[in-house]
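Visitor: Please read through the structure below; I'll follow up with questions.
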Amino acid sequence: MNLKNKVAIVTGSRRGIGKAIALALAKAGANIVVSDINLDDCNKLVEEIKAINGNALAVKTDVSNPEDVSQMINLTTEKFGKVDILVNNAGIYMQKSLTDVTEQDFDRTLDINLKGVFLCSKAVVPEMIKQGKGKIINIASIAGQVGFANSSAYCASKGAIINITRELALELAQYKINVNAIGPGVIETDMTKDLLEDKATKETLLANIPLSRIGKPEDIANAALFLASDNSDYITGITLFVDGGWLTH
Ligand code: NAP
């Protein structure tokens, strides 16, 4: 898949799934804006992308902060002149029972996971309208489709991402902006490190995955590459679950 001359912003991309997506899009030829709350690791990824003959810019962005988001778009257009692709990947997960989860935990999760998608999409759309085309990819979760215990805020945020994806697809189709989501299953990243280090938990998780393995960030990056490319031009409003078959039962 060829993304030559395209400009892609990937939020929360200093590590994990976001980093794998940034690298996959860069390998396909896109210029990448590596955006995250922690700039040090972003700069490291910029160097990695340059080492494979790509072009990238690091931008410190808290996706829940409208000023940061607006600056992210401004710095992108200053450096690369346009935005073609936005991957709303930044997200947090807190495993807490309803008894333990606080109102602040709930608000913070919704602010980053859901409001971040809203703010970044709202800010990027005028640039995509100028291009006459665009691709927005939201990273949801299987936890947006079914319930997971002790994850009320996370499940609420990811379920809302699946439906805001449908709404934005409907609203932005007139501008040829495709809006789709990816629903990862259990993927090996820092987010799931503690869960997967516990042998019993890992076995229980594996028992729910028909393809019998934990997912890799690259599994999600492959789906993102497809949804960012012209090959998916007639697809909008969907959530593509990349979960080893978790949701089949
Ligand atoms: P990760 O390794 O924890 O990476 C998430 C990245 O987002 C981190 O670099 C984090 O930075 C950044 N981030 C957090 N808050 C931010 C904010 N306010 N603004 C900008 N960046 C922020 O997690 P991951 O597993 O790669 O997850 C990526 C996405 O996939 C998330 O949306 C997650 O919900 C989703 N997902 C993951 C899984 C899985 O099994 N791993 C499954 C389903 C869905 P800091 O660490 O510095 O805060």
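Since every read-out is calculated from the coordinates, none of them should be taken as a lab result. Quick caveat, the model's predicted, so the values are computed rather than measured.
Visitor: For segment 1-85, report the % of Cα-Cα distances exceeding 22 Å.
Guide: Within segment 1-85, distances greater than 22 Å cover 14 percent of Cα pairs.
Visitor: Which whole-number value in Å³ per residue fits the convex hull of the alpha carbons of segment 79-143?
Guide: 91
Visitor: How much of the calculated P(r) for the chain lies past 27 Å, in percent of all Cα pairs?
Guide: Everything past 27 Å amounts to 31 percent.
Visitor: For segment 9-58, what are the per-bin percents of Cα-Cα distances with bins 10 Å wide, up to the bin holding the maximum?
Guide: The percentages, shortest bin first, are 34, 61, 5.
Visitor: Then there is this: Which value in Å is the Kirkwood Rh of segment 41-128 over different Cα pairs?
Guide: Kirkwood radius, segment 41-128: 14.7 Å.
Visitor: Restricted to Cα positions, what overall size does segment 89-192 have along the principal axes? Three whole-Å values, descending.
Guide: Here the spans come out as 47, 25, 23 Å, largest first.
Visitor: Run through every distinct alpha carbon pair of segment 143-191 and return the Kirkwood hydrodynamic radius in angstroms, one decimal place. Let's see the in-between values first.
Guide: Working: mean 1/r = 0.0820 Å⁻¹.
Radius from the Kirkwood sum: 12.2 Å.
Visitor: Another question about this same structure. Percent of alpha carbon pairs in segment 171-249 separated by more than 14 Å?
Guide: Of all Cα-Cα distances in segment 171-249, 66 percent exceed 14 Å.
Visitor: Can you give the convex hull volume per residue for the Cα atoms of segment 170-212, as a whole number of Å³?
Guide: In segment 170-212, the Cα convex hull volume per residue is 114 Å³.
Visitor: Can you give me the long-range amide H partners of Ser35? Hydrogens built in the peptide plane at 1.01 Å from N, cutoff under 5 Å, separation of 5 or more residues or another chain.
Guide: Val10, Gly12, Ser13, Val59
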